[in-house]
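The values are calculated or read from the model by the stated rules, or taken from the named source; none is laboratory data. Everything numeric here is computed off the predicted structure, so don't read it as measured data. Note: ideal-geometry Cβ built from the backbone for every residue, glycine included; neighbour counts use all protein chains shown. Surface areas here come from the heavy atoms of the whole protein model, side chains and all, with no ligands, DNA or RNA. Shrake-Rupley method; radii C 1.70, N 1.55, O 1.52, S 1.80 Å.
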Amino acid sequence: MSEARISVLCSGNGTNLQALIDSCASDASDSIRGKIVKVTVNRKNAFATTRAEKAGIPTDYFNLVKDGYHALGEKDPAKLKEARLRYDTALAERILRDKPDLIVLAGWMHVLTTNFLRPVSEAGVPIINLHPALPGCYDGAGAIDRAYEDFKAGKLQDNTTGIMIHYVIAEVDRGEPILVQKIKIDEGDSLEDLEQKIHSYEHELIVKATALLAEKIATAKASET
(Lines give C-alpha, C1' and ligand atoms only; values in the text may rest on other atoms or scores of the structure.)
Protein backbone atom coordinates (compact mmCIF):
# COMPACT_ATOMS: atom_id res chain seq x y z
CA MET A 1 0.00 0.00 0.00
CA SER A 2 1.29 3.45 -0.90
CA GLU A 3 2.13 5.76 1.99
CA ALA A 4 3.58 9.23 2.47
CA ARG A 5 7.21 9.63 3.48
CA ILE A 6 7.24 12.17 6.32
CA SER A 7 10.20 14.14 7.70
CA VAL A 8 9.65 15.78 11.12
CA LEU A 9 11.65 18.69 12.57
CA CYS A 10 11.65 19.28 16.35
CA SER A 11 13.47 21.40 18.94
CA GLY A 12 12.11 20.21 22.26
CA ASN A 13 10.19 17.58 24.19
CA GLY A 14 8.49 16.15 21.14
CA THR A 15 4.97 15.57 22.45
CA ASN A 16 3.52 16.48 19.05
CA LEU A 17 6.08 14.14 17.46
CA GLN A 18 4.86 11.37 19.79
CA ALA A 19 1.29 11.95 18.63
CA LEU A 20 2.47 11.61 15.02
CA ILE A 21 4.46 8.45 15.81
CA ASP A 22 1.47 6.88 17.58
CA SER A 23 -0.88 7.69 14.71
CA CYS A 24 1.50 6.30 12.06
CA ALA A 25 1.66 3.05 14.06
CA SER A 26 -2.11 2.84 14.52
CA ASP A 27 -4.54 0.75 12.46
CA ALA A 28 -7.40 3.20 13.07
CA SER A 29 -9.27 4.40 9.99
CA ASP A 30 -8.31 8.02 10.66
CA SER A 31 -4.62 7.32 11.37
CA ILE A 32 -1.79 8.80 9.31
CA ARG A 33 -1.19 6.86 6.11
CA GLY A 34 2.54 7.44 6.21
CA LYS A 35 5.94 6.62 7.60
CA ILE A 36 8.24 9.01 9.48
CA VAL A 37 11.56 8.58 7.67
CA LYS A 38 13.65 11.01 9.75
CA VAL A 39 13.42 13.22 12.84
CA THR A 40 15.75 16.22 12.75
CA VAL A 41 16.51 18.19 15.93
CA ASN A 42 18.52 21.38 16.38
CA ARG A 43 18.97 21.19 20.16
CA LYS A 44 21.29 18.69 21.83
CA ASN A 45 19.00 17.68 24.68
CA ALA A 46 15.73 17.59 22.72
CA PHE A 47 13.74 14.66 24.14
CA ALA A 48 12.22 14.27 20.67
CA THR A 49 15.41 12.35 19.80
CA THR A 50 14.66 9.73 22.48
CA ARG A 51 11.07 9.40 21.30
CA ALA A 52 12.21 8.84 17.72
CA GLU A 53 14.89 6.32 18.70
CA LYS A 54 12.40 4.32 20.78
CA ALA A 55 10.20 4.09 17.68
CA GLY A 56 13.13 3.01 15.51
CA ILE A 57 13.14 6.25 13.50
CA PRO A 58 16.51 7.63 12.26
CA THR A 59 17.49 10.97 13.85
CA ASP A 60 19.77 13.83 12.87
CA TYR A 61 21.10 16.41 15.37
CA PHE A 62 22.05 19.39 13.22
CA ASN A 63 22.98 22.61 15.00
CA LEU A 64 24.21 26.07 13.96
CA VAL A 65 27.08 26.08 16.49
CA LYS A 66 27.96 22.36 16.70
CA ASP A 67 28.16 22.07 12.94
CA GLY A 68 30.32 25.16 12.55
CA TYR A 69 27.99 27.74 11.04
CA HIS A 70 28.78 30.36 13.69
CA ALA A 71 30.77 30.59 16.91
CA LEU A 72 29.13 30.16 20.31
CA GLY A 73 28.02 33.59 21.55
CA GLU A 74 28.40 35.25 18.14
CA LYS A 75 26.78 38.71 18.23
CA ASP A 76 27.62 40.17 14.81
CA PRO A 77 24.23 40.45 12.97
CA ALA A 78 25.84 40.07 9.53
CA LYS A 79 27.67 36.90 10.56
CA LEU A 80 24.55 35.47 12.19
CA LYS A 81 22.45 36.16 9.08
CA GLU A 82 25.06 34.60 6.79
CA ALA A 83 25.31 31.58 9.11
CA ARG A 84 21.54 31.07 9.07
CA LEU A 85 21.43 31.17 5.28
CA ARG A 86 24.24 28.62 4.94
CA TYR A 87 22.67 26.41 7.62
CA ASP A 88 19.27 26.48 5.91
CA THR A 89 20.83 25.55 2.56
CA ALA A 90 22.56 22.56 4.17
CA LEU A 91 19.44 21.62 6.16
CA ALA A 92 17.38 21.45 2.96
CA GLU A 93 19.99 19.18 1.37
CA ARG A 94 20.01 16.87 4.39
CA ILE A 95 16.20 16.65 4.53
CA LEU A 96 15.74 16.12 0.79
CA ARG A 97 18.22 13.21 0.74
CA ASP A 98 15.46 11.09 2.33
CA LYS A 99 13.04 11.96 -0.52
CA PRO A 100 10.19 13.00 1.81
CA ASP A 101 6.70 13.71 0.50
CA LEU A 102 5.84 15.97 3.45
CA ILE A 103 7.76 17.96 6.08
CA VAL A 104 6.12 18.59 9.47
CA LEU A 105 7.46 21.23 11.87
CA ALA A 106 6.51 19.88 15.31
CA GLY A 107 7.87 22.47 17.75
CA TRP A 108 10.76 23.57 15.50
CA MET A 109 12.22 26.73 17.06
CA HIS A 110 14.09 28.11 14.06
CA VAL A 111 12.55 30.44 11.46
CA LEU A 112 13.30 28.95 8.05
CA THR A 113 14.63 31.27 5.34
CA THR A 114 14.09 31.01 1.59
CA ASN A 115 17.42 29.14 1.41
CA PHE A 116 15.49 26.21 2.89
CA LEU A 117 12.03 26.95 1.55
CA ARG A 118 13.02 27.44 -2.11
CA PRO A 119 14.75 24.09 -2.76
CA VAL A 120 12.09 22.22 -0.80
CA SER A 121 9.34 23.93 -2.82
CA GLU A 122 11.18 23.16 -6.05
CA ALA A 123 11.26 19.51 -4.99
CA GLY A 124 7.46 19.66 -4.63
CA VAL A 125 7.46 18.94 -0.89
CA PRO A 126 4.88 20.80 1.25
CA ILE A 127 5.89 22.00 4.73
CA ILE A 128 3.34 22.38 7.52
CA ASN A 129 3.58 23.97 10.95
CA LEU A 130 1.49 24.28 14.11
CA HIS A 131 1.03 27.84 15.42
CA PRO A 132 -0.87 28.55 18.68
CA ALA A 133 -3.03 31.37 17.32
CA LEU A 134 -5.81 31.96 14.82
CA PRO A 135 -4.91 32.91 11.22
CA GLY A 136 -3.56 36.45 10.99
CA CYS A 137 -3.20 36.81 14.77
CA TYR A 138 -0.08 36.87 16.96
CA ASP A 139 2.46 35.83 14.33
CA GLY A 140 5.84 34.66 15.63
CA ALA A 141 6.97 33.89 19.16
CA GLY A 142 4.97 34.40 22.36
CA ALA A 143 1.56 33.98 20.71
CA ILE A 144 -0.15 32.45 23.75
CA ASP A 145 1.20 35.13 26.10
CA ARG A 146 0.14 37.94 23.78
CA ALA A 147 -3.37 36.54 23.38
CA TYR A 148 -3.68 36.24 27.16
CA GLU A 149 -2.46 39.83 27.70
CA ASP A 150 -5.12 41.07 25.25
CA PHE A 151 -7.75 38.97 27.05
CA LYS A 152 -6.80 40.52 30.41
CA ALA A 153 -6.95 43.98 28.83
CA GLY A 154 -10.38 43.30 27.33
CA LYS A 155 -9.02 43.54 23.79
CA LEU A 156 -9.40 39.90 22.66
CA GLN A 157 -12.33 39.53 20.26
CA ASP A 158 -14.98 37.21 21.72
CA ASN A 159 -12.39 36.18 24.33
CA THR A 160 -11.29 33.62 21.75
CA THR A 161 -7.86 32.55 20.53
CA GLY A 162 -6.92 29.22 18.96
CA ILE A 163 -4.42 27.15 17.05
CA MET A 164 -3.88 26.38 13.39
CA ILE A 165 -1.91 24.06 11.15
CA HIS A 166 -0.73 26.00 8.12
CA TYR A 167 1.55 25.71 5.12
CA VAL A 168 4.97 27.29 5.72
CA ILE A 169 5.98 30.24 3.54
CA ALA A 170 8.65 32.93 3.93
CA GLU A 171 6.27 35.21 5.89
CA VAL A 172 6.23 33.80 9.43
CA ASP A 173 2.92 32.09 10.32
CA ARG A 174 1.19 33.58 7.24
CA GLY A 175 0.86 30.45 5.11
CA GLU A 176 -2.54 29.14 4.08
CA PRO A 177 -4.34 27.47 7.02
CA ILE A 178 -5.13 23.75 6.69
CA LEU A 179 -7.05 23.26 9.95
CA VAL A 180 -8.11 25.78 12.60
CA GLN A 181 -9.36 25.23 16.16
CA LYS A 182 -10.91 28.10 18.14
CA ILE A 183 -10.34 28.12 21.90
CA LYS A 184 -12.38 30.22 24.34
CA ILE A 185 -10.65 31.83 27.31
CA ASP A 186 -12.96 31.76 30.32
CA GLU A 187 -13.14 34.39 33.04
CA GLY A 188 -10.72 33.38 35.79
CA ASP A 189 -8.45 31.37 33.49
CA SER A 190 -4.76 31.81 34.26
CA LEU A 191 -2.07 31.85 31.59
CA GLU A 192 -1.24 28.28 32.64
CA ASP A 193 -4.92 27.28 32.16
CA LEU A 194 -4.83 28.71 28.64
CA GLU A 195 -1.58 26.92 27.84
CA GLN A 196 -3.10 23.61 28.98
CA LYS A 197 -6.22 24.19 26.86
CA ILE A 198 -4.10 24.90 23.79
CA HIS A 199 -1.79 21.93 24.33
CA SER A 200 -4.81 19.63 24.75
CA TYR A 201 -5.88 20.43 21.18
CA GLU A 202 -2.44 20.54 19.56
CA HIS A 203 -1.83 16.81 19.29
CA GLU A 204 -5.23 16.14 17.76
CA LEU A 205 -4.92 18.95 15.21
CA ILE A 206 -1.37 18.19 14.04
CA VAL A 207 -2.32 14.52 13.57
CA LYS A 208 -5.52 15.40 11.69
CA ALA A 209 -3.72 17.77 9.33
CA THR A 210 -0.85 15.36 8.72
CA ALA A 211 -3.31 12.52 8.10
CA LEU A 212 -5.26 14.70 5.66
CA LEU A 213 -2.20 15.52 3.56
CA ALA A 214 -0.70 12.03 3.86
CA GLU A 215 -3.93 10.54 2.53
CA LYS A 216 -3.84 12.83 -0.52
CA ILE A 217 -0.14 12.06 -1.12
CA ALA A 218 -0.61 8.29 -0.70
CA THR A 219 -3.62 8.28 -3.04
CA ALA A 220 -1.68 10.23 -5.68
CA LYS A 221 1.29 7.86 -5.38
CA ALA A 222 -0.99 4.82 -5.71
CA SER A 223 -2.53 6.22 -8.91
CA GLU A 224 0.95 6.61 -10.42
CA THR A 225 1.83 2.93 -9.98
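Remark: the chain carries a charge dipole of roughly 800 debye about the Cα centre, counting +1 on each Lys and Arg Cβ and -1 on each Asp and Glu Cβ.
If you run the Gaussian network model on the chain, springs between alpha carbon atoms under 10 Å, then out of I36, I57, I103 the most flexible one is I57. Carbon and sulfur atoms: what percent of the 1.4 Å accessible area of the range 70-225 do they account for? It is 52 percent, rounded to a whole number.
Apolar share of the accessible surface for the range 1-65: 45 percent from carbon plus sulfur atoms, 1.4 Å probe. Within the range 1-50, the trypsin sites (Lys or Arg not before Pro) that combine a DSSP coil assignment with at most 14 other C-beta atoms in a 10 angstrom radius are K44.
Using a Gaussian network model of the chain in which every pair of alpha carbons under 10 angstrom is joined by a spring, one finds that among Q181, Q18, Q157 the greatest mean-square fluctuation is at Q157.
Solvent exposure of the range 177-223 amounts to 55 Å² per residue of accessible area, where only protein heavy atoms count and the probe is 1.4 Å. Close amide-amide hydrogen proximity is noted between L102 and R5, S7, each under 5 Å apart and 5 or more residues distant or on a separate chain (H modeled in the peptide plane; Pro and chain starts excluded). Per residue, the range 1-41 exposes 40 Å² of accessible surface when a 1.4 Å probe is rolled over the protein heavy atoms with every protein chain present.
Put a plus charge on the Cβ of each Lys and Arg, a minus charge on the Cβ of each Asp and Glu, and nothing anywhere else: the dipole of the range 113-178 about its Cα centre is then about 40 debye.
Under 10 Å, Cα contacts only: if you run a Gaussian network model on the chain, which one of V207, V65, V168 comes out with the highest mean-square fluctuation? Of V207, V65, V168, the most mobile in the Gaussian network model is V65. Of the GluC sites (Glu not before Pro) in the range 141-225, the ones in a loop by DSSP (not H, G, I, E or B) with at most 13 other beta carbons within 10 Å are E171, E187. Beta-bridge orientation, the chain: approximately 40 percent antiparallel, per DSSP, counting only bridges with both partners inside.
Under the convention that each Lys and Arg Cβ holds +1 and each Asp and Glu Cβ holds -1, the size of the dipole of the range 149-197 around its Cα centre is about 180 debye. Considering only V168, V120, A153, and ranking their Cα positions along the charge dipole of the range 109-219 that arises from unit charges at the beta-carbon of Lys, Arg, Asp and Glu, the one farthest toward the positive end is V120.
Please sort by residue number the trypsin sites (Lys or Arg not before Pro) in the range 73-166 whose DSSP state is loop and whose Cβ has at most 12 other Cβ atoms within 10 Å. Answer in residue order: K75, R97, K155.
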